[in-house]
Amino acid sequence: MKIAFFSTKSYDRESFLNHREGFNHEFSFFEVGLDHKTVALAEGHDVICSFVNDPVDEFILKKLAQFGIKLIALRCAGFNQVNLEAAAKHGIRVVRVPAYSPEAVAEHAFAILLTLIRKTHKAFNRVRENNFSLEGLTGLNIHGKTIGVIGTGAIGKAFCRIAKGFGAKILAHDLYPSEEMVALGVTYLPLQKVIEQSQIISLHCPLTPETRHLINSKTLSYMQKGVVLINTSRGALIDTKATIKALKTKKIGFLGIDVYEQEEHIFFKNLSEEILEDEQISRLMTFPNVLITGHQAFLTHEALAQIATTTLENITAFEKGEILQNEVKKV
Ligand code: NAD
C-alpha cells in the first residue's frame, strides 16, 4: 500500500523505516500537518497516516474519498480529532494504535509529578550556577499521599501500579472499574469523592463530550487546597481559564501538563523565534509551580517501535481484507 504520512518528524521517519521489514508498503513522509490545503498531497496514495493534532473533518474526508482513499491509520491512541460519522459516510475506515507502551505515558506523568514536587528542575539550574543553597527547594513525599486517578484504562492502570510502588493510597474513578486494580488495592469512588479526597490527581480518561472540561470551576472548588494536578491525557479535559484562576488563589499547589487545550497551534513546532500569541499558555508559563511539556509523554524508543509496528500491521490487515482489530467507529 502507498502510505502518505502527515506531521512527520525525524523520529517518526526513523522509526517507520527501521520497522518496515516484512511489510510491503511504500512510504511518503510529509512534514506538514493534514489540513484543507495539504490534503491534496494524499492523492495517489492508498492510505493516510496522521497524528494527534491533524484534525480530520468532513472537508478532508470528502477529499480523501475523492482520491479513492479508504483507510486512515492513526499513529496514536486518541481519535477525538477524527469526525467518525463523516468517515463512515464517505466509506473511510479508521484504525489506531490503542496501546503503545502505556508505561511510557504513565512514567512521564510521574516524571512531571516528581519534578514538580521535588523541584529538581530548579535544583538543576541552581547547581549549574554553583548555587548549592537549598532555600525554597522543600518538597513533598508521595509515600502516604492519596492519589486520585481519573480513568483506569491501559495508561491509568500503569500509573496506579507505579503509585502503588511509592506507597500511596490510590482512589480512582472510571465508568468501568477494573477488578485487576481493585485487587491491587485501588478504591473506586464517584468522581466528586475522588476529587475531594485526593492530594494528587492524575487524568487518564479520553477526551469525549462528557469529559470535556472535567476540571472546571465547580470540580476545582471540591479539591483540597494545594492539590497537585497532572494531565497527560488531552488538553481540553481541563478548563484552562478556571485552572489559571485556581493557580492564582493557590487552590492548585502544582500543575503538570503534557497536553494543552489549544496545543494544535503550538506543540510539535520550534517557535523559539516567534512571539507566542496564545495568552493562556503564556500566563501558565509565568507560574513557578507549573511544568509544561509539549505532548512528549509517548516519546520513548519502545513506544515509537510499537506505534510503527502496529500501524503497519493495521494497514496490512486492511490490505488483506482481514478483521480490523484496532478499528474505531462512531458508537
Ligand atoms: P484506554 O481507552 O485504555 O482507557 C481510557 C479509560 O478511561 C477507560 O477505562 C474508560 O472507561 C475511561 N473513561 C472513559 N470515559 C470516562 C469518564 N467520563 N470518566 C472516567 N473514566 C472514563 O486509553 P489509554 O490508552 O489509557 O489512554 C488514555 C488517554 O491518554 C487517551 O485517550 C489519550 O487521550 C491520552 N494519551 C496521551 C498520550 C501523550 O503522549 N500525552 C499518549 C497516549 C494517550
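Only Cα pairs under 8 Å and 6+ residues apart enter the sum, and on that basis the relative contact order of the chain stands at 18 percent.
For LEU137, neighbours were defined as the other residues whose beta-carbon sits under 13 Å from its Cβ, and their charges (Lys and Arg +1, Asp and Glu -1) total +3.
Charge dipole (Cα centre; +1 on Lys/Arg Cβ, -1 on Asp/Glu Cβ; no other charges) of the stretch 16-148 amounts to roughly 400 debye.
Counting lysine pairs in the stretch 174-331 that sit 8 or more residues apart in sequence, or on different chains, and whose Cα atoms lie under 26 Å apart gives 22.
Once C-alpha pairs closer than 8 Å and six or more residues apart are averaged by separation and normalised to the residue number of the stretch 24-90, the relative contact order reads 35 percent. For the chain, the longest stretch holding no GluC sites (Glu not before Pro) located in a DSSP loop with at most 11 other Cβ atoms within 10 Å is which? No qualifying site falls inside 22-128, the longest such stretch.
The residue list ALA104, ASN18, ILE72 was ranked by how far each Cα lies along the charge dipole of the stretch 1-124 toward its positive end, using unit charges on Cβ atoms, and ALA104 comes out on top.
Please work out whether the stretch 3-52 counts as rounded, prolate or oblate from its C-alpha gyration tensor, where a ≥ b ≥ c are the square roots of the eigenvalues and a/c under 1.5 means rounded, while otherwise a/b larger than b/c means prolate and anything else oblate? Oblate.
Each reported figure results from applying straightforward, stated rules to the coordinates on display, with no laboratory input. Quick caveat, the model's predicted, so the values are computed rather than measured. Please note: Cβ atoms are built from the backbone with ideal geometry, for glycine as well, and neighbour counts cover all protein chains shown.
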